[in-house]
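Asker: Before I ask anything, let me first share the structure, which is written out below as structure tokens.
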Amino acid sequence: MAQRPAEACRVCHAAITPFMTFGRMPLANGFLTRDQIPSEYFFELAPACCARCGAFQLIEQPAPDRMFHDRYAFLSSSSRRMQAHFKAFADFVLRWVLPGPADPFVVELGSNDGSLLRHFKEAGCRHLGIEPSTNVAALARTQGLQTISEFFNDDLATRLRSEHGPADAVVAANTMCHIPDIHGVAAGISRLLAMDGVLIFEDPYLGDMVARTSYDQIYDEHVFMFSAASVACAFGQHGFDLIDVMPQATHGGSMRYVLARTGRYAMSPGVATLLETERRCGLHEPLTYDRFRRDCEASRSALRDLLNTLRREGKRVAGYGATSKSTTVINYCGIGPDDIEFIADTTPIKQGTLTPGAHIPVKPHEAFAAAPPDYALLFAWNHAEEIFEKEQAFKARGGRWITFVPDVRII
Ligand SMILES: [Zn+2]
């Protein structure tokens, strides 16, 4: 059989080959109306993990302007716990920048609706958000947050440095993993940062995804799933050292990375420990992804079997949370409107639309409360605790939850 042509790693340019495909996939945030169905966009969702540098990445990614535009449907502010997390993240960054030079300048990449950025403004810092999705950037501006709608790269960094001076911190939350041109971004950050400036970012962590079979982290926007090794390799090529790492509970398991120019700060012992853990558990080894692929297939079979059984029994099933992540699960598992009646979601821009690919109706939360289903498939599993607390009435009436991370089960 002919070998699939090798592709090049986006970080180190070694040859890479996908270890599996999730099939033909629509955009994760491509919620649409019935008349848009004929022109719906699809691509092949196939990930690879580079054995040389450890960069877990998508082979094919849709053009950025297909994903981040004037109708971008994800709002950072939608969860109360995420709001608390952003406050804690900002406090951490401020501990780095406030003792430094007077009048610190903080730049956030992918600042969305300003959920993180506003804390820098409130602390009296000069701040600038960079957010290519114009609708969410406009929301940030209405709160008085300095925000520009462009894609960050070396050219923009040059302009920003001449207009504002060097940045004391560049921060990003769930953004870096969205950017395919990692070298363009790293070069831009190097241009923009002050000599003692820090780059601090958080993203879903590869180690957690593999351990929990949370394959729904893999979708068009997440061109990378980072590990400490791949972050160190990517930014090391631009004169940065990874100086600290801190696991976070957000997004079903994330990692905070702190980077600075080589030799400017001492490295925390946690970095070497995490790199060694990644090496010891074979996080970047092909065998790990053979196992991960089998785990994904087993998860899909279990979820399909359960939905088939509930359908035969005439149970009503609805989805809870029309998340970006749900698009991968729904399409990979072949879940359709015959399996789940609708998906309840509190984001106004998604309500009244159909889910990408499978075209399951998205309804406001009121639809869920008014006619609770027998079973609710929890797509927003990373907010489970917050949701269970809010939906005690559903459970009290006999409603049951279905989750699929780390395994398929009924709660
Ligand atoms: Zn590589």
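Asker: What are the pairs, 6+ residues apart or on separate chains, where a residue within the range 88-113 that is at positive phi has its Cβ under 8 Å from a residue that is of a type in the set (K, R)?
Answerer: Between residues of the range 88-113 that are at positive phi and residues that are of a type in the set (K, R), the close pairs are D103/R126.
Asker: For the range 1-65, which fully contained strands (runs of 3 or more DSSP E) count at least 1 residues that are without any contact (Cβ under 8 Å) to a residue 24 or more places away in the chain, surrounded by 13 or more Cβ atoms within 10 Å (Cβ to Cβ) and in contact with a Gly (Cβ under 8 Å, 6 or more places away or on another chain)?
Answerer: On the way: elements: 24-26, 42-44, 47-49, 56-58.
The qualifying strands (runs of 3 or more DSSP E) are 42-44.
Asker: Any chance the range 188-208 includes a residue that's touching a residue at least 60 places away in the same chain (Cβ under 8 Å) and part of a loop (DSSP other than H, G, I, E, B)?
Answerer: Among the residues of the range 188-208, not one is touching a residue at least 60 places away in the same chain (Cβ under 8 Å) and part of a loop (DSSP other than H, G, I, E, B), which makes the answer no.
Asker: Follow-up. Quick check on this structure: which one of L275, L242 is at pLDDT 95 or above, surrounded by fewer than 21 Cβ atoms within 10 Å (Cβ to Cβ) and farther than 24 Å from A84 by Cα? Working first, answer last.
Answerer: Numbers: L242 fails: surrounded by fewer than 21 Cβ atoms within 10 Å (Cβ to Cβ).
Within the list L275, L242, the selection yields L275.
Asker: If we only count strands (runs of 3 or more DSSP E) wholly inside the range 298-411, which ones have 1 or more residues that are surrounded by 20 or more Cβ atoms within 10 Å (Cβ to Cβ) and touching a Pro at 6+ places or on another chain (Cβ under 7 Å)? Before you say what the answer is, go through the steps one by one.
Answerer: Values: elements: 317-320, 375-378, 400-403.
In the range 298-411, 317-320 are the strands (runs of 3 or more DSSP E) which contain 1 or more residues that are surrounded by 20 or more Cβ atoms within 10 Å (Cβ to Cβ) and touching a Pro at 6+ places or on another chain (Cβ under 7 Å).
Results for (1) among the polar types (S, T, N, Q); (2) in contact with an Asp or Glu (Cβ under 6 Å, 6 or more places away or on another chain); (3) assigned by TED's automatic domain parsing to the domain that holds E386, shown as yes or no for each residue.
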site: R291; (1), (2), (3): no, no, yes
site: A298; (1), (2), (3): no, no, yes
site: S301; (1), (2), (3): yes, no, yes
site: L307; (1), (2), (3): no, yes, yes
site: Y320; (1), (2), (3): no, no, yes
site: P337; (1), (2), (3): no, no, yes
site: T347; (1), (2), (3): yes, no, yes
site: A370; (1), (2), (3): no, no, yes
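Asker: Of the residues that make up the range 199-208, is at least one within 16 Å of the ligand (Cβ to nearest atom) and either surrounded by 23 or more Cβ atoms within 10 Å (Cβ to Cβ) or among the acidic types (D, E) (or both)? Break it down stepwise before answering.
Answerer: The first filter runs over the range 199-208 and keeps only residues within 16 Å of the ligand (Cβ to nearest atom), leaving 206.
From what's left, either surrounded by 23 or more Cβ atoms within 10 Å (Cβ to Cβ) or among the acidic types (D, E) (or both): 206.
Yes, because at least one residue in the range 199-208 is within 16 Å of the ligand (Cβ to nearest atom) and either surrounded by 23 or more Cβ atoms within 10 Å (Cβ to Cβ) or among the acidic types (D, E) (or both).
Asker: Turning to a different aspect of this structure: Would you check which residues across the range 206-253 are charged (D, E, K, R) and in contact with a Cys (Cβ under 9 Å, 6 or more places away or on another chain) and list them? Steps first, please.
Answerer: As a first pass, look at the range 206-253 and keep what is charged (D, E, K, R): 208, 212, 216, 220-221, 241, 244.
Matches in the range 206-253: E221 only.
Asker: Which residues, counting only those in the range 80-117, are assigned to a loop (DSSP other than H, G, I, E, B) and under 21 Å from the mean Cα position of the chain (by Cα)? It would help to see each step written out before you state the result.
Answerer: Just the residues of the range 80-117 that are assigned to a loop (DSSP other than H, G, I, E, B), to begin with: 98-104, 110-116.
Of everything in the range 80-117, those that are assigned to a loop (DSSP other than H, G, I, E, B) and under 21 Å from the mean Cα position of the chain (by Cα) turn out to be G110, S111, N112, D113, G114, S115, L116.
Asker: Here is a follow-up. Quick one: is L58 within 16 Å of the ligand (Cβ to nearest atom) and at pLDDT 95 or above? If you could, list the steps in order and put the result at the bottom.
Answerer: Values: within 16 Å of the ligand (Cβ to nearest atom): yes; at pLDDT 95 or above: yes.
So L58 passes the test.
Asker: Go through the range 142-172 and count every residue that is touching a Lys or Arg at 6+ places or on another chain (Cβ under 9 Å), within 27 Å of N29 (Cα to Cα) and not in a loop (DSSP other than H, G, I, E, B).
Answerer: The qualifying residues number 1.
The values are calculated or read from the model by the stated rules, or taken from the named source; none is laboratory data. Since the model is a prediction, treat every value here as computed from it, not as a measurement. Here Cβ is always computed from backbone atoms with ideal geometry, including for glycine, and neighbour counts include all displayed protein chains.
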